[in-house]
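> Submitted below is the structure of interest, expressed as structure tokens.
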Amino acid sequence: MSDISEKSGAAQPQSMQQQAASQQPAQPMPTHQEPAQPAPARAQQAAPQSAARRRIFVSDRPRASDTPAPQVARLAELIARRDAEGPMSIAILGGPGAGKTHALAELVDAAALASTASQPAKGAFQPAVVALRLEAADLTRAPETVIAERLHMRLSRDYPALDAAAADEALHAGADPRRLAQALNEKLDEGRKRVDEARIARADAESRRARLTETALYETAGTRVDAFARSNRGAIESALRGFGFRAADLTQDFKGLVQSFAETGGPFARALASFRALWAYKGQPRLIFWIIVLLALAWIFGALADNPAWLSPVQNGPETLRPAGDWIAQRLSWFSTAQRLCDYAALACLAVLLWRALRFTQLLWRGADALDADILARKGDLDQLIAHHAQRAEMLAGETEALAAQAAEAEKRAGGAYRAGALPPAFVGAEEETRNAARAYLAALDALAQVGARPAPPRIVVSIDSADQLAPEQGLAVLAAANAALAYPLYALVAAFDPGHFARAGGAAALERIVQIPLRIDAGKERDWERFVAHLATGAPVAAPGVAPATRIALDAPLSPLETKLLGALAPLAGPSPRGVKRFVNLYRLARPDAPENAASLALMLALQTGGARDEKEAVERALVTGADAAPFVAPTAGPRVQAALKAVEDAQGRPPSVNAALRAYTAARIWSL
């Protein structure tokens, strides 16, 4: 292989440059067209940007400078195409540091870009491809379960109806129906208990809300109303004793009065309630009585003073009464004085009445205001707590109803075995049931998407990076499990790893069964290292491949009858299994743009890489190294299958391939081989 690489590099300046000149990849259509600017203005703008991107240290993170050949864009186009049949299994291959991680990310991004730019009902690309990115280290526990979990998290947000239907199907398909029925009934019991607990918690919060006044007054120390009652204890006790309260703890009586006063209502209702202090408490009725008596006496004295005619019967009566009548007549002014004294006394009693009522109600107003502040401070928290428990109870009730329906369905599927109490043996583990449920979920997604009854993504791309960071046996197991779980038309599996890591453990045969389309990003023509170093030194941009739905599509060109005949003649070398022939035809479609003028030789080398035996490959490599560039390519020791393939190529193009053409085809075919 090293000799072939050296010879291929030496031949590259003549032939491959001509090939590159004749086949320029189509440029992606720009999504935004900048307005034209004068050259000096563009130069002035570019200078600061270049200076801003200049670096003195370059990290090893994936970047645009690690972009491989445009074969990545071709694979992205394949993933996003409507007419590309799934499932797909693609591998991005390369040694350490070759740029596999970036190529994997760019492949997924380009497929998503192509599908996003496509119109839903038109064009060659499918709309809304869903991409799921995973690390191989995350799949060591149970690859199917992790993939299903991550996909459920994604689809429950973007396609909730599809996800719910698939999850429901997986629930019944993933476990023994009898054990599932038992588990669902146990969950149903637990769910009902949780609903009851949530409702009890809500009722408790509502009770606390109803008792908030009593709590603030009597059960919580340090409240505003409690602090007010304690700081004004002397005035409060004096006012209460003046109204006849004789309890041992007058503070509790005051709090009770504050509660009654606060519960009367708003300010107007409280103002009306304040008038009760004029007559409702001890001492006030007596003052009212004396006010009435004094006012009555004042009225009587006033009447006596203002109307002296009442003395006429005394003065004109018997002789014995006349001196008394004259004495009273001379002192009628005393009645006016008595009237004024009674008025003053009544006013004094009224003042005492009002002062006692005002002093008492003022304390009640201040206590009620403090109580209102305490209630307001706690009411918001309790209202939020009540709303939380109500929402939780409603949510749990909905979950319980769903569990009840699932349990009923599980009992129906379990039949009489569950009702009779028969259960599967204890050694039927939950882990295997979980993996079965995950596989059933992935299969149900594909089946539901094919039916089209619910909105569904046209393709789900699952990318797995760094499989070569695991032990070879573990990495192969992860890839095999993921490939088996995603073996449905809805899915495309894309993995990035170093095949040499698994080859050392004898994993070549396993990779042959897993990978449908390999892409070696470290094979093919030599990279432009001078441009790469210039990018690292100055930050000069490196063009990145992309997919433009409106541009020329490389995969649209159909196979000509001559190509079909040639591929049929090369099928015995690419086979002999149908899987090998399928891979050979698919790889030829993908690799054909790499050597359009050398398609027959490329088909030969792809067939050799796909199905050739080790001795056949070694014989062809020796012939490529030893043959002269312009001489016809012959490999006499390669065996009858290779000889028949060379004859088919000669018949297809009318002449035998040259060594130089075979070498270029071999180099291009290596890109698409494991």
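> State which residue pairs qualify: first residue open to solvent by 20 Å² or more (accessible area, probe 1.4 Å) and inside region 180-193, second residue assigned to a helix (DSSP H, G or I) in any location, beta carbons under 6 Å apart, and separation of 6 or more residues or different chains.
The qualifying pairs are 185/407; 187/403; 192/400.
> Further question on the same structure: Could you look through region 79-88, keep only residues that are surrounded by fewer than 23 Cβ atoms within 10 Å (Cβ to Cβ) and in contact with a helix residue (DSSP H, G or I) (Cβ under 8 Å, 6 or more places away or on another chain), and pick out the one that is farthest from residue 447 (Cα to Cα)?
81
> Filter region 288-304 down to the residues that are surrounded by 17 or more Cβ atoms within 10 Å (Cβ to Cβ) and either farther than 21 Å from residue 352 by Cβ or modelled with pLDDT under 90 (or both) and list them by number.
Matches in region 288-304: 301, 302, 304.
> Against the condition part of a helix (DSSP H, G or I), open to solvent by less than 20 Å² (accessible area, probe 1.4 Å), closer than 26 Å to residue 577 by Cα and in contact with a helix residue (DSSP H, G or I) (Cβ under 8 Å, 6 or more places away or on another chain), how does residue 635 come out, does it pass?
Against the criterion (part of a helix (DSSP H, G or I), open to solvent by less than 20 Å² (accessible area, probe 1.4 Å), closer than 26 Å to residue 577 by Cα and in contact with a helix residue (DSSP H, G or I) (Cβ under 8 Å, 6 or more places away or on another chain)), residue 635 does not qualify.
> Being within 29 Å of the chain's Cα centre (by Cα) and open to solvent by 10 Å² or more (accessible area, probe 1.4 Å) is the filter here, so list the residues in region 89-103 that pass it.
Within region 89-103, 100, 101, 102 qualify.
> Which residue is modelled with the lowest pLDDT, if the candidates are limited to region 142-152 and must be under 17 Å from residue 432 (Cβ atoms) and open to solvent by less than 70 Å² (accessible area, probe 1.4 Å)?
By that ranking, first place goes to 142.
> Just for helices (runs of 4 or more DSSP H) wholly inside region 153-264: which have at least 3 residues that are more than 30 Å from residue 134 (Cα to Cα), at pLDDT 80 or above and in contact with a Gly (Cβ under 8 Å, 6 or more places away or on another chain)?
Once the helices (runs of 4 or more DSSP H) in region 153-264 are filtered for at least 3 residues that are more than 30 Å from residue 134 (Cα to Cα), at pLDDT 80 or above and in contact with a Gly (Cβ under 8 Å, 6 or more places away or on another chain), what remains is 224-231, 250-262.
> Oh, and also: Mind listing whichever residues of region 230-272 are open to solvent by 70 Å² or more (accessible area, probe 1.4 Å) and either in contact with a helix residue (DSSP H, G or I) (Cβ under 6 Å, 6 or more places away or on another chain) or farther than 22 Å from residue 354 by Cβ (or both)?
Within region 230-272, 230, 231, 233, 246, 248, 252, 263 meet the criteria.
> Suppose we filter region 334-369 for residues that are in contact with a helix residue (DSSP H, G or I) (Cβ under 7 Å, 6 or more places away or on another chain), surrounded by fewer than 17 Cβ atoms within 10 Å (Cβ to Cβ) and farther than 30 Å from residue 244 by Cβ; how many remain?
Within region 334-369, residues that are in contact with a helix residue (DSSP H, G or I) (Cβ under 7 Å, 6 or more places away or on another chain), surrounded by fewer than 17 Cβ atoms within 10 Å (Cβ to Cβ) and farther than 30 Å from residue 244 by Cβ number 1.
> Residue under question is residue 136, and the condition is that it be within 24 Å of the chain's Cα centre (by Cα), surrounded by 20 or more Cβ atoms within 10 Å (Cβ to Cβ) and within 13 Å of residue 497 (Cα to Cα); does it hold?
The answer is yes for residue 136.
> Open to solvent by 10 Å² or more (accessible area, probe 1.4 Å), closer than 16 Å to residue 94 by Cα and not charged (D, E, K, R), is that true of residue 523?
yes
> Out of everything in region 555-583 that is of a type outside the set (D, E, K, R) and crowded, with 22+ Cβ neighbours inside 10 Å, what residue ends up being farthest from residue 514 (Cα to Cα)?
If we take residues in region 555-583 being of a type outside the set (D, E, K, R) and crowded, with 22+ Cβ neighbours inside 10 Å, then 566 is farthest from residue 514 (Cα to Cα).
> Looking at (1) under 30 Å from residue 364 (Cα atoms); (2) open to solvent by 60 Å² or more (accessible area, probe 1.4 Å), which is the only condition residue 321 fails?
(1)
> Part of a helix (DSSP H, G or I), under 22 Å from residue 340 (Cβ atoms) and either free of Cβ contacts under 8 Å to residues at least 40 places away in the same chain or of a type in the set (S, T, N, Q) (or both): is that true of residue 303 in this structure?
yes
> Give 139, 93, 134, 104 a once-over and let me know the one that is closer than 28 Å to residue 583 by Cβ, modelled with pLDDT of 90 or more and touching a Leu at 6+ places or on another chain (Cβ under 7 Å).
93
The values are calculated or read from the model by the stated rules, or taken from the named source; none is laboratory data. Keep in mind it's a predicted model, so treat the numbers as computed, not measured. Quick reminder, even Gly has a Cβ in these numbers, built from the backbone with ideal geometry, and neighbours come from all protein chains shown. These area figures cover heavy atoms from the full protein model, side chains too; ligands, DNA and RNA do not enter into them. Shrake-Rupley method; radii C 1.70, N 1.55, O 1.52, S 1.80 Å.
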